[in-house]
Amino acid sequence: MSMTAEQRQALLVELLQQHILGELTQGQMLKRLRKEVLGFSQTRYAELVGVSRRTLTDIEQDKGSQVQSIIDKVFKPLGMKSGLTPIHPHVARHVMNISSSKITEN
């Protein structure tokens, strides 16, 4: 089943919101995007981004401590890079509300 551009964007926004609110880990988000948006196996995706399958598995299972450049490398094909996320959900909700307001104003 192929996703439309709108479906991919909606899924990305949904997963980002869940991640920012602390409901979804970075690894869980990467795994869902890899499988649901790209339909790639771990092996195929690891080859695409230039990391070992073991490294990709560790990231998806939130194991180990990869350097920032590796995290950015695995998210780049999805149009994303790692960044700061608020610790408290109420702060994240406030930031998302502000961002939504500014987008609708423009």
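The values are calculated or read from the model by the stated rules, or taken from the named source; none is laboratory data. Just so we're clear, the structure is a prediction, and the values are computed from it rather than from any experiment. Glycine also receives a Cβ, built like all others from the backbone with ideal geometry; neighbour counts cover every protein chain displayed. Just the protein is used for accessible areas: all its heavy atoms, side chains included, with ligands, DNA and RNA removed. Shrake-Rupley method; radii C 1.70, N 1.55, O 1.52, S 1.80 Å.
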Quiz prompt | Within the chain: Cβ-based charge dipole about Cα centre, in debye rounded to nearest 20 (Lys, Arg +1; Asp, Glu -1) | solution = 280 debye
Quiz prompt | Kirkwood hydrodynamic radius of region 1-59, Cα pairs, Å | solution = 12.1 Å
Quiz item: Given the protein chains as shown and a 1.4 Å probe, how many square angstrom of His90 are accessible, to the nearest 10?
Solution: 130 Å²
Practice problem: Treating the angle as unsigned and between 0 and 90°, give the value, to the nearest 10°, between the Cα long axis of helix 5-20 and the longest Cα principal axis of the chain. | Solution: 80 degrees
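What does the charge count near Glu36 come to, summing +1 for each Lys or Arg and -1 for each Asp or Glu among other residues with Cβ under 15 Å from its Cβ? Spell out each step's value before the answer.
Details: positive: Arg8, Lys31, Arg32, Arg34, Lys35, Arg44; negative: Glu6, Glu14, Glu60.
Surrounding charge for Glu36 is +3.
State the percentage of accessible surface on the chain attributable to carbon and sulfur atoms; use a 1.4 Å probe and exclude ligands, DNA and RNA. Let's see the in-between values first.
On the way: 3850 of 7170 Å².
Carbon and sulfur atoms account for 54 percent of the accessible area of the chain.
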Exercise. Compute the long axis of helix 89-105 from its Cα atoms, compare it with the longest principal axis of the Cα atoms of the chain, and write down the angle in degrees, 0 to 90, nearest 10.
Key: 70 degrees
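For region 43-95, count all C-alpha to C-alpha pairs, find those more than 19 Å apart, and express that count as a whole percent of the total. Walk me through the intermediate numbers first.
Working: 489 of 1378 pairs.
Beyond 19 Å sits 35 percent of the P(r) for region 43-95.
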